[in-house]
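These notes concern the structure reproduced below.
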Ligand SMILES: *Cc1c(COP(=O)(O)O)cnc(C)c1O
């Protein structure tokens with residue numbers, strides 16, 4: 001799409017994106033106009049050289065604009081633009097987006113999408129996975145479109161106070177300076193879809209952003225004509241209020257399907273990424289019902305529906321009481337031709353009146369193809385849901401597609417450049433083939449170590465900067481602030497533990513034995529530890545874990561060897577998973593469905609030290625990291641925690657610390673680097689998103 005091409009006539013937002021790009025391009029000098037269009041397609045963010053095309057115009061303003069190209073270009077003063085236009089042409093300009101074929105379409109529904117730190121429409125792993133799937137589908141040319149919600153205040157941002165108490169705050173998204181456009185209908189009016197919720201007609205606008213070839217449609221109820229209570233439906237991701245939450249799922253599933261229909265996009269396959277969107281197949285059923293009975297129409301919709309379950313943790317499999325369902329969804333069952341109880345039964349595993357209405361049960365029941373997100377999680381899900389299918393676990397039709405991560409997003413540039421030099425041109429397109437990674441063997445120790453040291457040094461710079469700001473912001477004592485400024489050491493073995501602070505992730509294990517932990521920090525061969533993560537605002541137990549961690553900050557060496565980094569997000573995840581030497585994961589088995597941050601770490605030459613849960617049993621081969629037992633212990637959780645913490649410290653003391661500090665005649669940790677190579681070669685091909693998305697394409701979508 002060149003700036004002068006006529007806008008295609010469409011009602012799917014293509015013309016609207018084009019017009020927004022053209023309007024931005026218009027204020028740029030000729031040589032830079034392509035950037036105006038590129039700004040409205042997130043593809044720049046994972047293309048090599050994509051970010052540089054913007055940043056080179058003014059690196060400071062680029063950072064100040066939060067690396068958001070729409071805001072950046074809009075606010076650049078004329079003299080900077082002229083200098084940029086006169087400067088050397090960018091080597092790799094972000095490419096145009098070809099419209100994807102519109103004949104077969106997969107509609108991918110999810111409550112959250114993590115695509116850019118400024119677009120705070122995500123909370124954690126589920127959103128990152130959804131974002132990575134969109135990007136990979138774009139790279140592979142899988143005809144996917146995505147549907148989600150535009151949370152006007154996004155997800156909360158985190159601050160901690162001096163006592164380690166978490167405070168949440170929300171910052172409204174500035175839609176005008178993000179790569180977002182309102183979709184217009186054929187008459188040029190802003191498209192609005194409606195549905196009945198809580199006894200009122202709720203209108204939802206449809207926004208679009210482009211993820212390469214994948215358009216992402218986002219519904220938004222913050223419209224002046226809506227009741228004030230309904231304007232709040234899409235205010236915040238994962239609100240605690242149950243009625244608002246269920247209303248969100250109505251907007252996502254029912255409203256999302258109606259929006260697609262209004263845009264003339266009838267999907268052939270609907271992929272429900274977790275239960276939040278499980279009402280979508282019912283809406284397909286309603287639309288396709290005409291002269292067929294409900295059950296036959298549901299079966300037909302199910303043949304087009306793929307469902308992915310993401311967690312065995314009960315809080316992640318939401319259920320609602322019958323009166324909650326009635327009060328939010330009103331007469332929707334009648335619109336499906338169902339009695340209220342028959343509708344509720346769709347969300348009950350055993351169709352018992354005592355059972356609540358479960359979103360996961362509904363999703364499983366309404367889909368013809370279902371999966372968990374690792375081999376182990378598949379088995380856990382089969383046991384967990386066997387009551388729904390009425391067959392032994394082994395015959396439950398839930399398979400697994402192990403998660404993966406989008407390589408161009410998560411590979412840090414220094415490692416990417418190193419691999420480009422050894423793995424051959426265009427290697428990322430062959431990333432799912434083990435042979436592609438064989439050449440990692442040929443990378444000399446010195447080069448590999450230099451890149452690992454560079455990534456760690458970048459991380460240390462980042463940590464010093466962030467933790468000085470965090471500590472000053474909290475009003476910490478001077479000495480504690482000063483310790484952040486110059487103490488983290490680019491040569492010291494660096495551990496990372498960054499993930500949602502949920503009880504089952506067991507951050508607590510790290511501080512279960514304070515004397516042993518402190519000895520590790522201050523030893524002759526020291527260790528430094530970086531921790532980050534948000535606790536759900538309503539999760540008091542998890543918040544207590546953060547406070548407990550903070551309680552240790554006055555112990556010797558903690559100030560200069562341990563940092564808690566506030567407000568974990570996509571950008572921080574990239575720096576941490578890139579630079580840490582050891583990526584720690586200590587979930588209580590079998591509650592980690594997959595986990596993906598460890599994959600990001602391994603792809604950058606980090607080594608995982610993880611409980612054998614989620615993805616790790618599939619990846620761990622004895623030489624590419626370290627493992628803690630993953631057996632399910634039905635006994636006392638406190639005893640299990642004590643045992644696992646002891647095993648963690650024993651591995652650190654006996655194997656990991658000595659190996660990291662062991663140097664050969666050339667001054668290099670050659671035995672450590674052998675493991676790094678092994679991690680790249682094993683995790684690279686098996687856990688790149690290419691493998692995951694081709695599996696969904698071939699087996700789930702059957703394209
Ligand atoms: C990758 C990622 C996650 C997922 O981490 P796991 O705990 O390993 O599942 C969560 N949040 C962010 C910001 C991420 O980038």
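Things worth noting here:
- When DSSP beta bridges are restricted to pairs lying wholly in the range 194-326, around 75% turn out antiparallel.
- Relative contact order %, the range 203-264, counting alpha carbon pairs below 8 Å whose residues are six or more apart: 25 percent
- Estimated from helices alone, the mean residue ellipticity of the chain at 222 nm is -11500 deg cm²/dmol (sum of -39500 (n - 2.57) over DSSP H runs with n ≥ 4, per residue).
- Taking packing as the residue-averaged number of other Cβ atoms within 10 angstrom, the listed peptides 360-373, 339-352 run from highest to lowest as 360-373, 339-352.
- Considering all C-alpha pairs of the range 191-258, those separated by over 21 Å amount to 20%.
- Each DSSP beta bridge with both residues in the chain is either parallel or antiparallel, and the antiparallel ones are about 35%.
- Whether the range 100-202 is rounded, prolate or oblate, judged on the alpha carbon gyration tensor where a/c under 1.5 counts as rounded: oblate
- Rg over Rh, two decimals, the range 274-423 (C-alpha only, Kirkwood Rh): 1.11
- Relative contact order of the chain, pairs being alpha-carbon contacts under 8 Å that are 6 or more residues apart, as %: 12 percent
- Ranked by how many other beta carbons lie within 10 Å on average, peptides 608-615, 163-170 from highest: 608-615, 163-170
- Prolate/oblate/rounded label for the chain (Cα gyration tensor, a/c 1.5): oblate
- Highest average first, the peptides 659-665, 242-248, 210-216 ordered by how many other beta carbon atoms sit within 10 Å of their residues are 210-216, 242-248, 659-665.
- Euclidean distance between Cα centres, the range 632-649 to the range 248-281, Å: 42 Å
- The overall shape of the range 149-274 is prolate: from the C-alpha gyration tensor, with semi-axes ordered a ≥ b ≥ c, the ratio a/c is 1.5 or greater and a/b exceeds b/c.
Values in this text are rule-based calculations from the coordinates and carry no lab data. Since this is a predicted model, take the numbers as computed values, not measurements. Don't worry about glycine lacking a Cβ; one is built from the backbone with ideal geometry, like all the others, and counts go over all protein chains shown.
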